[in-house]
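A.B. asks: Before I ask anything, let me first share the structure, which is written out below as structure tokens.
Every number here is computed from the coordinates shown, using simple stated rules; none is lab data. Because the structure is predicted, anything quoted here is derived from the model rather than measured. Because the Cβ atoms are built from the backbone with ideal geometry, glycine has one as well, and the counts that use them run over all protein chains shown.
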Amino acid sequence: MPATITLTNVADAREAYRSPDLRQGLYDAGEVVMADVLVNLHGDEHKRRRRIENRLFRRDTFDYYENELFPEVIEATLAPYAQQGRAELVHVGHELMLNLAALTAGVDRALGTPEESARLHDYMMFFIEGATLAHSTLDRAERIAAIGEQLAKWDAEFLQPSMNRRRSLLAQLDAGEIDEAEVPRDVLTTLLRNYDVLGLRPDIVQREVAFMLLAGAHTSATAFVRTIDAILGWIAAHPDDAERIRTDRQFVQRCVHETVRLNPSSPTGVRRALAPVTLKSGVHIDEGDMVIIDLVAVNTDPALFGAEAAQFNPYREVPSGIGPFGLSFASGAHVCIGQDLAVGVVPSADEQGHHLAGLVSVAVHWAFDHNVRHDPAATAEPDKTTRRPYWSSYPVLLDL
Amino acid sequence: MTYRVELDKDVCISSGKCVADAPHFFRFDADELSEVVADPPELPDTQLEAIARGCPSGAITLFAGDTPVSID
């Protein structure tokens, strides 16, 4: 009978993440969306696809997103809420991050209407549910059927037209009718260009693009809401920092890192052993065993993060070699491909070029620049459909 | 002490983090895999350790003389 082995310290966790004999196991229940997607691949198959997709996820691209593209997307998405003076942050965060994730994934919105965006948002929420089915409190078989149905509808309404447009552009490029600059730089285009090399199938492309959409939007949207909640709590106790939140983006970034450390997108990493593994610490894992990486324990280890490791403190200093967000983005070849995009680069004396604060920091900074605060007429509600610590609604007030 | 740097292209997943961190020391080859430039500049050991640690695939190994340096 396979055993379940739980790892709770950073050294064991890092070694497990880097072991070629331990493969991804977090999404076994979410195959309806996650089968054959990048994070679920292993070994050479993972390396081949990751090498190609990594070309889209480098710092020069992120610099363009953060400093040129994203400020416009933020303004277009959030300004209407500032004008209304109120917002529900869970919805707003997903709407905002979806607008960027759609560009990264390569999902067109041909009509450009709010109704079309709302439909894409609704599809994405199904995909998020699919990816996190392991933690669902609902009837799993019923939800898999419902999510599969939505995936097919999304494919027909959004993916096929997006694919047709890209195929047409690639044909024009091959014919010398357009320049490379006129071809989108997104995941869907990359998959179409490398379709045969990567041994893809239509259903794999479908799930990979759906995954990029949900991963790009959901993790960042969740961090956006949680960081605002954490900062509101912090400045209630430390009112002198309220001004700093509005004026110092790197301080906001520290708040994001601290929030992500305390609230990893998934509270556990999961690996399945393909062969026996013995970690340097002596922990032995037999073939077939399940390895649970307890990210909450790893990220609140007092030996690394201090005696009050479980508390939010943006002034926290961490030892050299330890990320301020712990192992929330995993480690090794499966480290989150969008990590630098979401939370930026940890500032260092050797840093070259613009500092990347990350899209979550930029969005949180915007909210505090518009005096985000609790709505006294409505309270935030936890999401009871999942064991993950999500909000289902988080009402706030904003100023212009 | 200045470390010697070896980069295993078979392991590299083309994240480009080393090239972004030290563009005068690392570059992409024709397959967009990272490599050390010919005649690289000297970098502080602490910076090289951070770059090696930041490589997601563990493709970068540092050597002090002939001895691999642990970056865990």
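A.B. asks: Suppose only helical runs count, i.e. DSSP H with n ≥ 4. What mean residue ellipticity at 222 nm does that imply for chain A under -39500 (n - 2.57) per run, divided by all residues and rounded to the nearest 500 deg cm²/dmol?
C.D. replies: Helix-only estimate at 222 nm: -15500 deg cm²/dmol.
A.B. asks: At 20 °C and a viscosity of 1.002 mPa s, what translational diffusion coefficient does Stokes-Einstein give for region A:171-221, taking Rh as the Kirkwood radius over Cα pairs? Give it in µm²/s as a whole number.
C.D. replies: My calculation gives 171 µm²/s for D.
A.B. asks: Skipping prolines and chain starts, which residues have an amide H placed within reach, meaning under 5 Å, of the one on A:THR386, given they are 5 or more residues away or on another chain?
C.D. replies: Here A:THR137 satisfy the definition.
A.B. asks: On the Cα set of chain B, report Rg and Dmax in Å, please.
C.D. replies: Gyration radius and largest Cα-Cα distance of chain B: 11.1, 32 Å.
A.B. asks: Average projected area of the Cα convex hull of region A:300-400, in nm²?
C.D. replies: Average of the hull's projected areas for region A:300-400 equals 9.7 nm².
A.B. asks: Here's a follow-up. Taking Cα atoms, how many degrees apart are the long axis of helix B:45-54 and the longest axis of chain B, rounded to 10 and kept between 0 and 90?
C.D. replies: Roughly 50 degrees, rounded to the nearest 10.
A.B. asks: OK, next. So what's region A:251-328 giving for Cα Rg divided by 2.2 N^0.38 Å, two decimals? Could the numbers behind the result be given before it?
C.D. replies: Values: Rg = 14.7 Å, N = 78, 2.2 N^0.38 = 11.5 Å.
With N residues counted in region A:251-328, Rg over 2.2 N^0.38 Å equals 1.28.
A.B. asks: May I pose another question? Using only the Cα atoms of region A:64-106, build the gyration tensor, take square roots of its eigenvalues as a ≥ b ≥ c, and label the shape rounded, prolate or oblate: rounded if a/c is under 1.5, else prolate if a/b is larger than b/c, else oblate.
C.D. replies: Working: a/c = 3.11, a/b = 1.57, b/c = 1.98.
Taking the square roots of the gyration eigenvalues as a ≥ b ≥ c, region A:64-106 is oblate.
A.B. asks: Right, next: Using only the alpha carbons, work out the radius of gyration and Dmax of region A:230-372 in angstrom.
C.D. replies: Every Cα atom of region A:230-372 included, Rg and Dmax give 17.3, 54 Å.
A.B. asks: Let me ask something else about it. Divide, for region A:153-262, the radius of gyration over alpha carbons by 2.2 N^0.38 Å, where N is the residue count. Please report the intermediate quantities before stating the final value.
C.D. replies: Details: Rg = 21.0 Å, N = 110, 2.2 N^0.38 = 13.1 Å.
Expressed relative to 2.2 N^0.38 Å, the Cα Rg reads 1.60.
A.B. asks: Right, next: Set the Förster radius R0 to 41 Å, insert the Cβ-Cβ distance between A:GLU182 and A:ALA275 as r into 1/(1 + (r/R0)^6), and round the FRET efficiency to 0.05.
C.D. replies: With R0 = 41 Å, the Cβ-Cβ based efficiency is 0.30.
A.B. asks: Report the FRET efficiency, 1/(1 + (r/R0)^6), for A:ALA297 and A:THR247, where r is their Cβ-Cβ distance and R0 is 35 Å, rounded to 0.05.
C.D. replies: About 0.50, to the nearest 0.05.
A.B. asks: Taking H as built 1.01 Å from N, whose amide H comes closer than 5 Å to the amide H of A:ILE5, not counting residues under 5 places away?
C.D. replies: Amide H to amide H, under 5 Å and 5 or more residues apart or across chains, A:ILE5 pairs with A:MET290, A:VAL291, A:ILE292.
A.B. asks: At q = 0.07, 0.10, 0.12 Å⁻¹, work out log10 I(q)/I(0) for chain A with the Debye formula, treating every Cα as an identical point scatterer and leaving solvent out; two decimals please.
C.D. replies: -0.32, -0.68, -1.01
A.B. asks: Per 5 Å bin, what percent of the C-alpha pairs of region A:1-104 does each bin hold, from zero upward?
C.D. replies: In whole percents, the pair-distance histogram is 2, 9, 12, 13, 15, 14, 14, 10, 6, 3, 1, 0.
A.B. asks: For a bin width of 5 Å, list the pair-distance distribution of region A:68-178 built from all Cα-Cα distances, rounded to whole %.
C.D. replies: For region A:68-178, the pair-distance distribution reads 2, 10, 16, 19, 17, 15, 11, 7, 3, 1, 0.
A.B. asks: What FRET efficiency comes out for the pair A:ARG388/B:ASP10, r = Cβ-Cβ distance, R0 = 56 Å, nearest 0.05?
C.D. replies: With R0 = 56 Å, the Cβ-Cβ based efficiency is 0.90.
A.B. asks: So which helices of chain A fit the span-like rule, where a helix is a whole DSSP H run, its Cα atoms reach 24 Å or more along the axis, and its mean Kyte-Doolittle is at least 0.0?
C.D. replies: Sorted by number, the helices that extend far enough and score high enough are A:202-237.
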